[in-house]
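To keep things clear, I will list the structure first and then write my remarks on it.
The values are calculated or read from the model by the stated rules, or taken from the named source; none is laboratory data. Source: prediction; values computed, not measured. Here the Cβ positions follow ideal geometry from the backbone for every residue, glycine too, while neighbour counts run over all protein chains shown.
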Amino acid sequence: MPELNLVQAINQALAQEMERDERVVVLGEDVGLNGGVFRVTEGLQAKFGRERVVDTPLAESGIIGTSIGLAMAGMRPVPEIQFEGFLGPAYDQLVNHAARFRTRTRGAITIPMTVRVPVGGGIHAPELHSDSPEAIYSHSPGLKVLMPSTPYDAKGMLLAAIRDPDPCIFFEPKRVYRSFKEEVPEGDYEVPIGQAKVVSEGDDITVVTWGATVFQCLAAMDELPDDVSVELIDLRTIYPMDTDTITESVRKTGRCVVVHEAPRTAGMGAEIATVIQEACFLHLEAPVQRVTGFDTVMPYYKLELEYLPESPRIVQAVRECLAY
Amino acid sequence: MPKKTVYKATIEHIQILDEDGKLDASLAKNTLTDEEVAFLFEQMVIWRHLDEVAFKLQRSGRMGTYPQNKGQEAAALGSGFAAKKGTDFLVPCYRENAALFLHGLAPHMILLHWMGDERGNQIPDNVNCTPISIPIGTQMLHATGIAWAYKIRKEPRCVVTYFGDGATSEGDFHEAMNFASTLEVPCVFFCQNNQWAISVPREVQMASETVAQKALAYGMPGVQVDGNDMFAVFKATRDALDRARKGGGPTFIEAVTYRLADHTTADDAKRYRDVKEVEAWTKKDPIIRHRKFLESKGLWSDKKHAEVEAKAKKIVDEIIKTAEGIEKPSPADIFNFTFAEIPEQLRIQRDTMRTNSLGQDPSQTGLKPEHAHTR
Ligand SMILES: Cc1ncc(C[n+]2csc(CCOP(=O)(O)OP(=O)(O)O)c2C)c(N)n1
Ligand SMILES: [Mg+2]
């Protein structure tokens with residue numbers, strides 16, 4: 001089986017789905033000839049032509065608004081927003097239209113589109129190129145929010161998202177784009193939306209995370225004593241959340257640490273802690289803990305590693321939670 | 001009712017100094033004096049050098065992503081020189097560094113910004129500009145608001161805002177144009193049409209033949225100038241500012257120029273644009289024509305050029321030393337500028353950022369005493 005990095009796996013998924021389904025169109029800033037600023041759409045325009053891989057004007061509201069129209073008219077648009085920080089102009093179209101059309105029309109008009117968005121920090125990028133807005137969109141009913149952390153999951157989840165009848169935001173953690181390769185089947189497969197993955201099984205404590213911080217958590221596990229048995233869960237889909245996998249694990253371990261890059265207040269960690277409290281209260285041995293970004297603007301890169309949840313902070317949280 | 005034409009318009013293109021350094025003397029009247037051109041040309045050489053060194057700093061890992069200004073210096077300098085330093089206000093994007101320097105911004109601050117340090121945006125009170133703006137096409141609304149305030153307070157001040165060709169596709173651009181023209185605010189919209197928005201050429205970006213004609217839809221005068229010609233840029237900007245200052249409202253200026261470098265250091269323009277196109281525009285480099293002009297006037301020579309280059313090197317070395325000599329900010333700075341007064345919960349996050357993962361009150365039963373210090 002060929003080994004691919006995250007960029008290559010997503011590229012392959014796009015190419016295969018465009019081949020299989022002629023309704024699929026890719027659109028966005030610089031996605032055509034240039035293959036996207038991260039090269040995720042590299043070679044697609046050469047293969048599928050300028051009608052299906054489209055360099056749009058520089059306008060995020062335009063990209064998402066017209067994708068909604070394309071979807072209404074029976075296409076399967078896969079728009080790209082160049083960086084998560086530039087979702088801003090598209091917010092109105094995403095939240096006030098894409099998310100609402102099914103409800104608004106009682107199912108008469110639906111918006112099957114998959115918005116691809118590079119996300120997160122840790123790559124020394126300028127302002128608005130390092131944020132983590134997944135909670136904002138998870139809090140907007142009608143949108144599915146995905147964030148794979150591995151090439152295998154990325155391909156399978158992207159195929160599932162494009163085939164999903166509802167609008168999906170597919171966040172791609174930049175820090176992982178080229179960080180490693182793994183075996184990715186060449187054939188067609190889906191990783192279902194809404195299914196978390198147990199990365200490693202354990203009995204003492206549950207760690208829940210998603211995106212690039214999966215790897216910070218793995219690094220933290222390496223630093224913990226061998227007799228500490230951690231169950232690491234990669235959420236993969238932020239909304240709809242796989243609460244079963246989380247609560248089953250916490251009923252077993254009685255302890256949980258949630259790790260995310262996004263700010264703490266009203267971040268997904270708050271939601272997860274509440275779900276655990278609702279479903280596992282009598283099983284808890286310690287309060288659920290959060291290792292997160294702070295309630296501040298994401299700092300410029302000189303300080304970004306002070307902000308991001310790196311492994312020392314995670315190790316400490318796990319130790320404290322275990323000691324409780 | 002018979003058919004009739006209800007609207008008709010043309011767009012003027014102004015060039016005063018051509019690419020061979022030949023000046024149209026009649027158009028050049030009351031624009032720049034020879035001394036001013038010599039001064040501005042020296043600036044051009046210095047800031048071109050800074051730009052090239054900044055590129056190298058990125059390549060050697062001493063700076064993050066950097067967008068080169070190379071080739072667009074005449075547009076920045078001609079327009080920046082037309083605005084009154086200390087009175088007028090600049091609202092930039094990121095390809096007009098030289099204009100900001102003319103208005104007193106310390107050059108190391110631009111480097112500091114691209115070195116991932118917010119202090120590069122901490123504009124001193126005596127410099128009239130906003131910092132570099134990352135979200136494309138958004139800052140022209142701020143410019144409109146600033147100009148509006150000047151109008152409300154009847155201050156004889158104007159704003160010049162800068163943005164690219166690509167930026168004119170964003171909705172905010174159109175909202176700014178409409179606000180500015182309906183409110184008749186003293187704002188000059190200065191579009192640096194450098195032909196590309198990353199990999200997207202102007203003709204893919206828009207179906208209109210000129211960018212300037214977009215102004216007409218908003219009832220705003222629109223003019224196109226050769227953006228590599230400081231005379232034309234200066235004249236158009238000064239005229240626009242004169243009118244704005246007298247209450248005549250906003251103007252749109254399209255400066256036709258070219259991005260001679262990659263979009264940023266993270267880009268590779270060879271993937272999408274023809275080297276022949278770059279070669280053709282290299283011949284129109286503002287450095288070439290302004291030097292030729294000054295030489296024809298006997299105001300420049302190889303010796304003078306060598307002197308200015310040596311001066312540029314010294315100045316730029318100093319700027320880099322300053323930027324790199326600034327110590328890493330304190331991690332507490334992540335928190336300290338979020339609000340005028342830090343809220344209690346944020347203060348706790350700041351003061352325990354390295355020690356607190358628990359976020360729980362240690363007085364809760366169950367917390368083992370050895371961990372109580374973590375608060
Ligand atoms: C709202 C927004 N969308 C996308 C980007 C990514 N981006 C940065 S520069 C750029 C192209 C800008 O082109 P133009 O306005 O012509 O300015 P130029 O870089 O050519 O000076 C893009 C798409 C951004 N910074 N902001
Ligand atoms: Mg441009």
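Can you pull out every residue in the stretch A:274-324 that is touching a His at 6+ places or on another chain (Cβ under 8 Å) and more than 8 Å from every other protein chain (Cβ to nearest Cβ)?
Selection gives A:T292, A:G293, A:P309.
Quick one: would you say A:T206 is more than 19 Å from the chain's Cα centre (by Cα) and assigned to a strand (DSSP E or B)?
Here the answer is yes, as A:T206 does meet what is asked.
Tell me the residue from B:K214, B:K235 that is more than 18 Å from B:A147 (Cβ to Cβ), away from ligand 1 (no atom under 16 Å from the Cβ) and at pLDDT 95 or above, please.
After applying the criteria, what remains is B:K235.
Filtering the stretch B:163-202 down to residues that are without any contact (Cβ under 8 Å) to a residue 40 or more places away in the chain and away from every other protein chain (no Cβ under 14 Å), which residue is nearest to ligand 1 (Cβ to nearest atom)?
It comes out as B:F179.
Exactly one of (1) closer than 15 Å to B:Q192 by Cβ; (2) surrounded by fewer than 24 Cβ atoms within 10 Å (Cβ to Cβ) is unmet by B:A232. Its number?
The one condition B:A232 does not meet is (2).
Quick check on the stretch A:37-51: of everything there that is crowded, with 18+ Cβ neighbours inside 10 Å and away from chain B (no Cβ under 12 Å), which residue is farthest from B:E170 (Cα to Cα)?
In this case the residue turns out to be A:F48.
Would you mind finding the one in A:A279, A:A266, A:A317 that is of a type in the set (A, V, I, L, M, F, W, C) and at positive phi?
A:A266
A:D55 - would you say it is at positive phi and touching a Gly at 6+ places or on another chain (Cβ under 7 Å)?
no
Limited to the stretch A:64-102, what total is found for residues that are among the aromatic types (F, W, Y), crowded, with 17+ Cβ neighbours inside 10 Å and more than 21 Å from A:P165 (Cβ to Cβ)?
2
Going residue by residue through the stretch B:161-173, is there one that turns out to be more than 15 Å from ligand 2 (Cβ to nearest atom), over 27 Å from A:D55 (Cα atoms) and either out of contact with any helix residue (DSSP H, G or I) (no Cβ under 9 Å at 6 or more places or on another chain) or modelled with pLDDT of 95 or more (or both)?
No, the conditions are met nowhere in the stretch B:161-173.
Hey, among B:I132, B:I146, which residue is of a type in the set (V, I, T) and within 14 Å of chain A (Cβ to nearest Cβ)?
Details: B:I146 fails: within 14 Å of chain A (Cβ to nearest Cβ).
Answer to the check: B:I132.
All but one of (1) within 8 Å of chain B (Cβ to nearest Cβ); (2) free of Cβ contacts under 8 Å to residues at least 40 places away in the same chain; (3) under 22 Å from A:P148 (Cβ atoms) hold for A:E231; which doesn't?
All conditions pass for A:E231, except number (1).
The rows are residues; the columns are (1) more than 16 Å from ligand 1 (Cβ to nearest atom); (2) within 24 Å of the chain's Cα centre (by Cα); (3) under 25 Å from A:P126 (Cβ atoms); (4) outside any loop (DSSP other than H, G, I, E, B).
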{"site": "A:E51", "(1), (2), (3), (4)": "yes, no, no, no"}
{"site": "A:I64", "(1), (2), (3), (4)": "no, yes, yes, yes"}
{"site": "A:F86", "(1), (2), (3), (4)": "no, yes, yes, yes"}
{"site": "A:H97", "(1), (2), (3), (4)": "yes, yes, no, yes"}
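Could you say which residue among A:E172, A:E186, A:E231 is among the acidic types (D, E) and touching an Asp or Glu at 6+ places or on another chain (Cβ under 9 Å)?
On inspection, the qualifying residue turns out to be A:E231.
Of the conditions (1) outside any helix (DSSP H, G or I); (2) more than 16 Å from ligand 2 (Cβ to nearest atom); (3) in contact with a strand residue (DSSP E or B) (Cβ under 7 Å, 6 or more places away or on another chain); (4) under 28 Å from A:E84 (Cβ atoms), B:T144 fails just one. Which one is it?
(1)
Hey, does the stretch B:140-151 have a residue that's within 13 Å of ligand 1 (Cβ to nearest atom) and small (G, A, S)?
no
Looking at this structure, is A:D30 closer than 27 Å to B:E170 by Cα and either touching a residue at least 12 places away in the same chain (Cβ under 8 Å) or among the small types (G, A, S) (or both)?
yes
Conditions first: (1) more than 28 Å from B:D165 (Cα to Cα); (2) not in a helix (DSSP H, G or I). A:Q16 passes all but one, so which condition is the exception?
So A:Q16 meets the others, but not (2).
Among the residues of the stretch B:85-97, count how many are away from ligand 2 (no atom under 16 Å from the Cβ) and out of contact with any Lys or Arg (no Cβ under 8 Å at 6 or more places or on another chain).
Residues flagged as away from ligand 2 (no atom under 16 Å from the Cβ) and out of contact with any Lys or Arg (no Cβ under 8 Å at 6 or more places or on another chain) within the stretch B:85-97 amount to 4.
Scan A:G74, A:G28 and give me the residue that is in the same structural domain as A:T150 (by TED's automatic domain parsing) and more than 26 Å from A:I136 (Cβ to Cβ).
On the way: A:G28 fails: more than 26 Å from A:I136 (Cβ to Cβ).
Only one candidate qualifies: A:G74.
State which residue is nearest to the other protein chains (Cβ to nearest Cβ) when the search covers only the stretch B:203-231 and only residues that are in a loop (DSSP other than H, G, I, E, B) and within 14 Å of ligand 2 (Cβ to nearest atom).
Within the stretch B:203-231, the match that is nearest to the other protein chains (Cβ to nearest Cβ) is B:M206.
Any idea which of A:L14, A:L87, A:L27 is on the phi < 0 side of the Ramachandran plot, away from chain B (no Cβ under 14 Å) and at pLDDT 95 or above?
Numbers: A:L87 fails: away from chain B (no Cβ under 14 Å); A:L27 fails: away from chain B (no Cβ under 14 Å).
Going through A:L14, A:L87, A:L27 in turn, just one is on the phi < 0 side of the Ramachandran plot, away from chain B (no Cβ under 14 Å) and at pLDDT 95 or above: A:L14.
Just to confirm my filter: which helices (runs of 4 or more DSSP H) fall fully inside the stretch B:239-327 and include at least 3 residues that are more than 16 Å from ligand 2 (Cβ to nearest atom) and basic (K, R)?
B:286-296, B:302-325
I need the full set of residues from the stretch B:102-136 which are within 16 Å of ligand 1 (Cβ to nearest atom) and within 23 Å of B:A82 (Cβ to Cβ), in order please.
Of everything in the stretch B:102-136, those that are within 16 Å of ligand 1 (Cβ to nearest atom) and within 23 Å of B:A82 (Cβ to Cβ) turn out to be B:I110, B:T130, B:P131, B:I132, B:S133.
Which numbered condition trips up B:S357, out of (1) surrounded by 13 or more Cβ atoms within 10 Å (Cβ to Cβ); (2) modelled with pLDDT of 95 or more?
Of (1) surrounded by 13 or more Cβ atoms within 10 Å (Cβ to Cβ); (2) modelled with pLDDT of 95 or more, only one is false for B:S357: (2).
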